[in-house]
1. Please give me the summed charge of the neighbours of Leu23: other residues whose Cβ is under 11 Å from its Cβ, Lys and Arg +1, Asp and Glu -1.
2. Compute the relative contact order of the chain as a whole-number percentage, counting only Cα pairs closer than 8 Å that sit 6 or more residues apart in sequence.
3. Each residue of region 34-44 in turn: what ³J(HN,Hα) in whole Hz from Karplus with 6.51, -1.76, 1.60 and θ = phi - 60°, glycine and Pro shown as x?
4. With a 1.4 Å probe and all protein chains in place, put Asp59, Asp25 in order of accessible area, largest first.
5. Per residue and in cubic angstrom, what volume does the convex hull of the Cα atoms of the chain have?
6. Please count, across the chain, the pairs of lysine residues with Cα atoms under 22 Å apart that sit 8 or more places apart or on different chains.
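The values are calculated or read from the model by the stated rules, or taken from the named source; none is laboratory data. These figures come from a predicted structure and were not determined experimentally. Using ideal geometry, Cβ is built from the backbone for each residue, glycine included, and neighbour counts are taken over all protein chains shown. Ligands, DNA and RNA are excluded from the accessible area calculation, which covers all protein heavy atoms including side chains. Shrake-Rupley method; radii C 1.70, N 1.55, O 1.52, S 1.80 Å.
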Amino acid sequence: SQTKYLIYESATKLILSIGRLILADYRILYPNRKWFFLELQKAPDKPVGICEAMEAFLDTLSIPAGHQLIQMMEGHKEYPLPPEGMKARIAQESTLNLEEW
């Protein structure tokens, strides 16, 4: 169903965004998405248990599991917020990404 598709898409985008934020801190590159999780596991300073929490989120696709990921990142390190706000930035980047298709 359409709702199930949106849940899966949102979950993978959240995980990819969190992981890319961690990898960017250490300038760790990954050649493609196949290598994303392997490189993320090697990152030296990441929230304890973040990789396991990501896998649990994918297994359950529950809102509490998604919130746990966000809280783990917020509790780990303070990242600068975009001036337009996080929701506006995500909406803008998602729209721009879709235009490339």
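1. +2
2. 24
3. 4, 8, 3, 5, 4, 5, 4, 4, 7, 4, x
4. The residues order as Asp59, Asp25, largest area first.
5. For the chain, the hull spanned by Cα atoms encloses 131 Å³ per residue.
6. 12
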